[in-house]
Amino acid sequence: MRAFTDLFWQLDGTTRTSEKLEALVAYFRAAPPDDAACAIDVLSGGRQIRAVPTSLLRQWAAEVTGLPPWLVEESYAHVGDLAETLALILPDPAAPADEAAGANEADVGLARLMRTTIHSLRQETEARKREVVLATWRRLASRERIVWHKLLTGGCRVGVSRTLVARALAEVAGVEPAVMAHRLMGGDVVDGEAYRRLLAPQRHDADDRRPYPFFLASALDGAEGHDVASLGGVADWQAEWKWDGMRAQLVRRGSDVAVWSRGEELVNEAFPDIVAAGATLPAGTVLDGELLAVAGGRLLGFSMLSRRSGRRTVTRRLLEDIPCVFVAYDLLEERGEDLRGRPLHERRLRLEALVPTPFAAGTDAHGAGPPQVPSAIFLSPVVSAASWTDLGLLRAEARRRGVEGLMLKRRASPYGVGRTRGDWWKWKIEPLEIDAVLLYAQAGHGRRAGLHSDYTLGLWHEGRLVTVAKAYSGLADTEIVEVDRIVRATTLEKHGPVRICEPMLVFQLAFEAVSASTRHKSGVAVRFPRIVRWRRDKQPSEAGTLDDLRRMIPGGVPR
Amino acid sequence: MQDLVEVTEAGLYCRQGDFFVDPWRPVPRAIITHAHADHARRGCGRYLCAAPGKLVLRSRMGGQAPIDVVRHGESILINGVRVSLHPAGHVLGSAQVRLEHGGTTWVVTGDYKLERDPTCAPFEPVRCDVLVTESTFGLPVYRWPSSEVIAADLDRWWRGNRDAGRTSVVLAYALGKAQRLAALVDPSIGPIVAHGAVMTMVEAYRASGVRLPPIDRVPPRARRVGGGRALVIAPPSVLGGSWLRLFGETSVAMASGWMTLRGVRRRRGFAQGFVVSDHADFPGLLAAIEASSARRVLVTHGFADPLARLLRERGLDAAPLATRFTGEASPDAVGVEEDDDPEAPASGTAPSPGADADAATAGIPGTAAE
Ligand SMILES: [Zn+2]
């Protein structure tokens, strides 16, 4: 447990990827295989169980410390992290034996600790749970307790991506990161034996399911003089809708199908429908495209998609509720041949021959609408226009069509690597904005634990402020601290962690779209709201109205 | 019976003796518990402080300020109120103010801590009927490691940095914490250098008879001072400026009680935080309150509400005392400005709407005369 605790704090103590990687590599090099297997599971956000309800932990902590339960809660509200709060208030463990001599005896490996004090605890009676928890508290130091609490309550998030874990393991094993990422997807690393197989230096069968590095677009936002006027003739460019989905590569080689996210994570488990559809492609095919959630002929949007993408198992129910499609926009490999060096117009022709178009004759020529064919893989339609002006007009329709804008790709360009400027541009629509007043604030978590950084904002309606959106602060850290201070000083009422503040601060709220909603009291729902600016220059009376917001709903104003 | 201390717009006031304790506005007569900026303001008619703190207070209040002193424990009469100052263990010369009048004894603690500190006299419990206590760290999550543990942690960190050729920079309040840290570390590890603001106080400490290891002032235009071996002690205000660039590669750590919390360390971006405070931790507050044997406790400066509630549940007559500093503590106020007490509650150190003195002192519970 000590080694894993050290790792946890090292990862926690830095924001530098290189240092995190270093810490991970050092841990895996030294860890016993059983512990390493267990750590991989925890670090990569594997299924964590809540062995003991947090309400019981709070209750027992109050008993052990002799503090009234309300003071435990008050402390939690201040700290913002229950695992940490409990670790801090509990009495220090019985003095450890001589550090050098007693260390090995007192230290229980991660795997054993998980087995004995977490996994087997779930089924136990409350009395037995209490016994084990109290005994463990007596044994662990405060910094170990925090980590153990997080494991015990199933909330151990360490701030490393699966990709980073894969990179570290790749370094330990001496194989390529993408190879390791894929090996990790082969199934859970359940024990030390599986961990040894994972690190084997020789090739695994599945190693060649790797994707190509993704080519990324740059924003065409006028910065550094880049705008459409600088791009030359519109005929040199291929325009497509910029889908609000999840970038992915579909790799069909041998008898395998692999779906990779842009972070080079294999997401087969989350998208079995796409994997099945991919199996119908000829072997030796690699498609670049976007995963989208589509149901009943409608795009479901990113929040629905993310309910799928994070899963390691997908129920039949979820597959039915949130069916997904893969919109293909590039062909990187055909019959095993790497096409990336060929110009886009040639790749596009080959792609069109391979993948069906979703749009039956007679539908919208620009086709940002729903797919009409019952295939889970289809072609990203090309948006054609005779001039930049015409294309600009089409771009202005993007919000109504449920897309984020246009992608512009140079027809003569090869498929590049990374974010090389010049050949791929995203030409997004501007976000919608309104000035709103801070009404409630709540303490954030993680890096912002204890700081009031989640804001609920309101707009004027019939002389009163009504809440319209809850948004995380996109303010600078120093501004968040300042707002926190003002919130504390102007709190009218406290309801648990939520403070009702005097309405005095105005923020510029940006969002992607507004729609009518019956679930919200205001009657409208804003999509992806975020705070972009603190309008110190504005009084609350100068903030926007609910009617202003309603006017932004496409296709009319429901009352 | 009339209270011996009440809150007025200018601060804690003893009507019977016609003097203030740590006023936040200029007043004719002020008793100062210690020289931190939020307790000692310029412009008063006369100051009274404990003798060991005179030079420190002088360097803060300017050469002209009329400062009277009494020895720790010595009592004097001011308009019939018997006044004595007792060690608070917070910084050099810090004192608790004991007031006795008409058979009743009050003690105003000022800031205090119970831990050992080689740079000032240790806290002495003073028995009283009514105790006015601070509560900066009045939640049970705040418990300090012992001085030995802190010293060992600091030494290990410094030595590690030195061996890696990195300068160690520890950020600490210029008055008190900085000198305490200098006295705690092992000076054989490398040279100790300090920021000018720290050096001014180091000199005041030395002139007051406090023994400190050799400390060099950072020369204004030195390059790579200390060659990566030094421990630099500086106020938190150097963060974000160019001053730290004098030292080449550095490891920067903050020394503050707020460093207890992971969220605060992460937000402030410190690779290393040392939990070192010159305030009492939660067990320390409870111990001091108990040792005073006071039946009535007025809690100020920090987590006044929860601490007062806990004391009430434990049978004491306790209430929060609304002072200018009664805003909730915010860990992120740590050392925002150089001249702030790094551990003072936020609303006492920065102007925030609605928290000005007038608003905060209106409607004070339990302290109005009669
Ligand atoms: Zn102080």
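The values are calculated or read from the model by the stated rules, or taken from the named source; none is laboratory data. Since this is a predicted model, take the numbers as computed values, not measurements. With ideal geometry, Cβ positions are generated from the backbone for all residues, glycine too; neighbour counts draw on all protein chains shown. Keep in mind that these areas ignore ligands, DNA and RNA; they rest on the heavy atoms of the full protein, side chains included. Shrake-Rupley method; radii C 1.70, N 1.55, O 1.52, S 1.80 Å.
Points to keep in mind about this one:
- For the stretch B:33-43, taking the residues that are within 14 Å of the ligand (Cβ to nearest atom) and free of Cβ contacts under 8 Å to residues at least 40 places away in the same chain, the one that is farthest from the other protein chains (Cβ to nearest Cβ) is identified as B:ALA40.
- Residue count for the stretch A:185-211 satisfying the condition of being open to solvent by less than 30 Å² (accessible area, probe 1.4 Å) and either in a loop (DSSP other than H, G, I, E, B) or at pLDDT 70 or above (or both): 7.
- With respect to the conditions (1) in a loop (DSSP other than H, G, I, E, B); (2) surrounded by 23 or more Cβ atoms within 10 Å (Cβ to Cβ), B:GLY17 falls short on a single one, namely (2).
Residues checked against (1) more than 10 Å from chain A (Cβ to nearest Cβ); (2) farther than 14 Å from B:VAL141 by Cα; (3) part of a helix (DSSP H, G or I); (4) open to solvent by less than 10 Å² (accessible area, probe 1.4 Å):
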{"site": "B:VAL252", "(1), (2), (3), (4)": "yes, yes, no, no"}
{"site": "B:ARG265", "(1), (2), (3), (4)": "no, yes, yes, no"}
{"site": "B:ASP278", "(1), (2), (3), (4)": "yes, yes, no, yes"}
{"site": "B:ALA291", "(1), (2), (3), (4)": "yes, yes, yes, no"}
{"site": "B:ALA294", "(1), (2), (3), (4)": "yes, yes, no, yes"}
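- Close contacts from the stretch A:9-37, counting a first residue that is away from chain B (no Cβ under 14 Å) and a second that is in a loop (DSSP other than H, G, I, E, B) and aliphatic (A, V, I, L, M), with Cβ to Cβ under 6 Å and a gap of 6+ residues or different chains, come to A:ALA37/A:VAL189.
- Filter pass, B:PRO52 being in contact (Cβ under 8 Å) with a residue 60 or more places away in the chain and either within 16 Å of the ligand (Cβ to nearest atom) or not basic (Lys, Arg) (or both): yes
- Picking from residues in the stretch A:123-165 that are without any contact (Cβ under 8 Å) to a residue 40 or more places away in the chain and among the small types (Gly, Ala, Ser), the one that is surrounded by the most Cβ atoms within 10 Å (Cβ to Cβ) is A:ALA135.
- Of all residues in the stretch A:59-73, those that are facing chain B (nearest Cβ under 10 Å) have Cβ atoms under 6 Å from Cβ atoms of residues that are among the basic types (Lys, Arg), 6 or more apart or on another chain, in A:VAL72/A:ARG58.
- Note on the stretch A:402-426: residues that are open to solvent by less than 30 Å² (accessible area, probe 1.4 Å) and of a type outside the set (Gly, Ala, Ser) total 8.
- One residue from B:ARG25, B:ARG15, B:ARG46, B:ARG58 being away from the ligand (no atom under 14 Å from the Cβ) and in contact with a Gly (Cβ under 9 Å, 6 or more places away or on another chain): B:ARG25
- Within the stretch A:444-483, tally of residues that are more than 14 Å from every other protein chain (Cβ to nearest Cβ) and at positive phi: 2
- Listed by position, the helices (runs of 4 or more DSSP H) contained in the stretch A:266-352 that have at least 2 residues being in the same structural domain as A:ALA412 (by TED's automatic domain parsing) and open to solvent by less than 50 Å² (accessible area, probe 1.4 Å) are A:272-278, A:302-309.
- Pairs where the first residue, in the stretch B:237-261, is closer than 9 Å to B:LEU171 by Cα and the second is among the hydroxyl-bearing types (Ser, Thr, Tyr), C-beta under 9 Å, 6+ apart: B:VAL252/B:SER168; B:ALA253/B:SER168; B:ALA255/B:TYR173; B:ALA255/B:SER277; B:SER256/B:TYR173; B:SER256/B:SER277
- The set of residues in the stretch B:270-291 being farther than 21 Å from B:ARG156 by Cβ and either more than 16 Å from the ligand (Cβ to nearest atom) or of a type in the set (Phe, Trp, Tyr) (or both) consists of B:PHE282, B:PRO283, B:LEU286, B:ALA287, B:ILE289, B:GLU290, B:ALA291.
- Any chance B:ARG206 is away from chain A (no Cβ under 14 Å) and within 16 Å of the ligand (Cβ to nearest atom): no
- Under the condition of being within 12 Å of A:VAL487 (Cβ to Cβ) and either at pLDDT below 85 or within 14 Å of chain B (Cβ to nearest Cβ) (or both), the residues counted in the stretch A:418-443 number 3.
- Qualifying residue in the stretch A:502-522 (condition: closer than 26 Å to A:SER75 by Cβ and more than 14 Å from every other protein chain (Cβ to nearest Cβ)): no
- Of all residues in the stretch A:466-490, those that are open to solvent by 40 Å² or more (accessible area, probe 1.4 Å) and not in a loop (DSSP other than H, G, I, E, B) total 7.
- Residues that are outside any loop (DSSP other than H, G, I, E, B), assigned by TED's automatic domain parsing to the domain that holds B:ALA37 and modelled with pLDDT of 80 or more are absent from the stretch B:331-343.
- When residues of the stretch A:518-557 are limited to those that are basic (Lys, Arg) and within 24 Å of A:ARG401 (Cβ to Cβ), the one most open to solvent (accessible area, probe 1.4 Å): A:ARG519
- Among the residues making up the stretch B:7-21, a single one is modelled with pLDDT under 95 and at positive phi: B:GLY11.
- All strands (runs of 3 or more DSSP E) inside the stretch B:76-183 with 2 or more residues being more than 14 Å from chain A (Cβ to nearest Cβ) and within 16 Å of the ligand (Cβ to nearest atom): B:81-87, B:95-101, B:130-135
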